[in-house]
Amino acid sequence: TAGNRIFHFGQCRVSMSMTEIRLGFTAIKANIQARDPIRTLSILSHPHSLHKVKSSDRCCITHHLFNFYVDKVFKHCKTEDSYINRKISSIANSFLSMKRKLRQCHEQNKCMCEEESTEKFKQILANYEGLNVTSAAMKSLGELDILLDWME
Amino acid sequence: DALLPTPQNISILSTNMKHFLSWSPVIVQGETVRYSVEFQGEYERDYANESWIPICECSLITATVCNITEDISATVAYNLRVRADVGTRRSEWGTMKGFFNRITTSLTPPLMKVIADGYHLFVELEDMGPAFQFCVLYWKKGQESRVQQKVVKEVSSVVHLDTMEAGPDYCVKAQTYVEAINRSSSFSQTQCVRAQGGTSMWLV
């Protein structure tokens, strides 16, 4: 079912449902990943996996990544396929909903950014800006399951 | 070509997380009017240049209702609009007044059937879709202070609640819970049954 779960990002505890995002992404994953010609590069996992992020840094990285996807990625993923566009809209609006929940932790200073997480996010941005914007956005969208797996 | 009238009375009927957009028909004598629907989530409004997304199942349809459940898939504010077409003639977009957020859906109590099979108490719940869970309360009649609760996350055919003693009535009621919007329905009517040897016995 649309399972709300309590996510622990360091001190930050947020109740969120990932099910609808998962369903939406699973429906378009193959199509999106097929549009990504550069398979040797990763936006989220280069050079280090998200799994190396310390627990205390999880909230900051998640906060940054939500903003990254909402501000930079989704808007450059428009396709000629109406079905794909509708699913991307569904994911983007769900991200907006989650971003709002995480902001509460940010406002309660439970989402502190230490140097390591800042560096990690800078690396992700560098990976992103190393490609042309459409390729970078499609690749980032195609890697959404990396983020979802790491969050869960 | 003269502009067609804009579709009016655009509204949403939302029950149990099923959302239907409807509008008044545009009347053009001797012509078949067709309608197209588009939606805009908060993301499109705030981050994607106020773009609109067509719902292809409701493109150039003759009906004046569209199932938008599939596209209202986040708990944010959505805008909806409808346009009319007759041949080469077209109307302006008619936009629904105000936003729609699925958190406002109306939740009805679940249909429920309580079964006493010998000394076993079962409940059969309506399958209302993946977004729904159920909270089932059951108690011995007269012992309302000792209510027991069972949360049913996945609707299988029948749910076993308890093993009953012979004699007293056992009463059951249920409500739905939708985690995506963190809301519950009101409780269903209470149904009571009694164990009777090997036969099912109904007492409503």
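Dividing the convex hull volume of the alpha-carbon atoms in the range B:90-161 by its residue count gives 156 Å³ per residue.
The residues of the range A:82-152 expose on average 41 square angstrom of accessible surface per residue, using a 1.4 Å probe on protein heavy atoms. In chain B, Cα pairs under 8 Å separated by at least six residues give a relative contact order of 19 percent.
For the range B:42-113, the alpha-carbon radius of gyration amounts to 1.37 times the rule-of-thumb value 2.2 N^0.38 Å expected for a compact globular protein.
Using the Cβ-Cβ distance between B:K153 and B:Q8 with R0 set to 45 Å, the FRET efficiency from 1/(1 + (r/R0)^6) comes to roughly 0.60. Bridgeable aspartates and glutamates around A:K72 (alpha carbons under 12 Å apart, same-chain partners fewer than 8 residues away excluded): A:E129. Solvent-accessible area of chain B (1.4 angstrom probe, protein heavy atoms only): carbon and sulfur portion equals 50 percent. Restricting the calculation to Cα atoms, the range B:1-148 shows an Rg/Rh of 1.19 when the hydrodynamic-style radius is the Kirkwood one. Per-residue surface analysis assigns B:V155 an accessible area of about 50 Å², computed on protein heavy atoms at 1.4 Å probe radius. Sparse packing (at most 16 other Cβ atoms within 10 Å of the Cβ) combined with a DSSP loop state is found for the following GluC sites (Glu not before Pro) in the range A:54-146: A:E80, A:E114. Here the sum of -39500 (n - 2.57) over DSSP H runs of 4 or more residues, divided by the residues of chain B, equals -500 deg cm²/dmol at 222 nm, to the nearest 500.
Computed from label points 7 Å out along Cα-Cβ, the spacing between A:Y83 and A:H48 is 4.1 nm. Taking a straight line from the alpha carbon of B:K173, these aspartates and glutamates sit under 20 Å away, with near neighbours fewer than eight places off in the same chain left out: B:D117, B:E124, B:E126, B:D127, B:E144, B:E154, B:D162, B:E165. The portion of the accessible surface of the range A:23-152 made up by carbon and sulfur, rounded to a whole percent, is 52 (1.4 Å probe; DNA, RNA and ligands excluded). Taking the Cα centre of the range A:36-152 as origin and assigning +1 to Lys and Arg Cβ atoms and -1 to Asp and Glu Cβ atoms, the resulting dipole is close to 340 debye. The interface between chain B and chain A buries about 2000 Å² of solvent-accessible area in total (1.4 Å probe, ligands and nucleic acids excluded). The amide H of A:F7, built 1.01 Å from its N in the peptide plane, has A:V14, A:S15, A:M16 as neighbours under 5 Å, considering only residues 5 or more places off or on other chains. Per residue, the convex hull spanned by the alpha carbons of the range B:1-82 comes to 106 Å³. With the convex hull drawn over the C-alpha atoms of the range A:75-152, the volume per residue is 107 Å³. The alpha carbons of the range B:73-129 occupy a box of 69, 28, 16 Å along the principal axes, longest dimension given first. For the range A:77-118, the equivalent ellipsoid derived from the alpha-carbon gyration tensor has semi-axes of 31, 13, 5 Å in decreasing order. Which log10 I(q)/I(0) values, to two decimals, does the protein assembly as shown give at q = 0.15 Å⁻¹ under the Debye formula with one point per Cα? Scattering profile of the protein assembly as shown, log10 relative to I(0): -1.18. Using the alpha-carbon positions of the range A:1-148, Rg (one decimal) and Dmax (whole number) come out as 15.0, 42 Å. Sorted largest first by accessible area at a 1.4 angstrom probe radius, with every protein chain in place, the residues B:H19, A:H8, A:H64, A:H76 fall in the order A:H8, A:H76, A:H64, B:H19. For the range B:15-57, the gyration tensor built on C-alpha atoms gives an oblate shape. Its axis ratio a/c (a ≥ b ≥ c) is at least 1.5, and a/b is not larger than b/c. For GluC sites (Glu not before Pro), the sites in the range B:80-160 that DSSP calls loop and that have at most 11 other Cβ atoms within 10 Å are B:E154. Could you give log10 I(q)/I(0) at q = 0.17 Å⁻¹ for the range B:66-204, computed by the Debye formula over C-alpha point scatterers of equal weight, without solvent? Cα-only, vacuum Debye calculation for the range B:66-204: -0.91.
The alpha carbons of the range A:1-80 stretch over 41, 35, 20 Å along the principal axes, in descending order.
Loop-located trypsin sites (Lys or Arg not before Pro) across the range A:1-42 with a Cβ neighbour count of 11 or fewer within 10 Å are A:R39, with loop assigned by DSSP. Seen from every direction in turn and averaged, the convex hull around the alpha carbons of the range B:30-76 projects onto 3.9 nm².
The values are calculated or read from the model by the stated rules, or taken from the named source; none is laboratory data. Worth saying up front: this structure is predicted, and the values here are computed from it rather than measured. Note: ideal-geometry Cβ built from the backbone for every residue, glycine included; neighbour counts use all protein chains shown. Side chains are part of the model used for accessible areas, which takes the heavy atoms of the whole protein and leaves out ligands, DNA and RNA. Shrake-Rupley method; radii C 1.70, N 1.55, O 1.52, S 1.80 Å.
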